[in-house]
1. Just to be sure I understand the model, the point goes 7 Å from the Cα along the line to the Cβ. What's the resulting residue 36 to residue 126 distance in nm?
2. Quick one: 118, 44, fewest Cβ neighbours within 10 Å first, how do they rank?
3. If you wrap a convex hull around the C-alpha atoms of region 82-138 and split its volume per residue, what is the figure in Å³?
4. Set the Förster distance to 30 Å, then compute FRET efficiency between residue 102 and residue 27 from the Cβ-Cβ distance, nearest 0.05.
5. Using alpha-carbon positions, what is the distance between the centroids of region 28-44 and region 83-122, in Å?
6. Considering all alpha-carbon pairs of region 29-101, what whole percent are spaced by more than 18 angstrom?
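Derivation of every value follows stated rules applied to the coordinates shown; laboratory data play no part. In this text, all values refer to a predicted model and were calculated from it rather than measured experimentally. Because the Cβ atoms are built from the backbone with ideal geometry, glycine has one as well, and the counts that use them run over all protein chains shown.
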Amino acid sequence: MNYMKKLSLLILLASLTGCASVSKQATNVYPEPKEDKGLVYFFRENKFAGWAISYNIRHNNQIIGAISNGTYFYHFSEPGTQTFTSKTESEVSRTLDIVGGETYYIKMGVDMGFWAGRPSMAIVTEMEGKSVLPGLTFATKPQKESSSREPAPMGQ
């Protein structure tokens, strides 16, 4: 294998590394919105591009969940202007004006980056969000210690 092929392979392998853990669940969960909080769904469709990349989603500098290929999670958020951020080699944020009792959908993805895939975020309509969620897998925060309890949903 010549030098350029080896270098290309090395870059490809480096771009496939993920930086967040996701615990996929056997049963999908779709909670009802709470009257005093907004319900935000984060989802990422199954795509070949960036399939091995996973990354954390933050709100107020706290990790509220992680997203990987073909997964979703939800987060109950306080009303008001709220910003959600994700980062790999670059950072992207989206801001929502949250209203209690309302549901919001943020489509996550991976765009091509130099060393690793770059996260993408797009606020989408309820129609698009609801049409995609049933084909995805509910993801939760991995447990730090082994436990007989079920993992807690992200954003709780």
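1. Label at residue 36, label at residue 126, 2.3 nm between them.
2. In order of increasing Cβ crowding within 10 Å: 118, 44.
3. 100
4. Rounded to the nearest 0.05, the efficiency is 0.75.
5. Cα centres, region 28-44 to region 83-122: 16 Å.
6. 42
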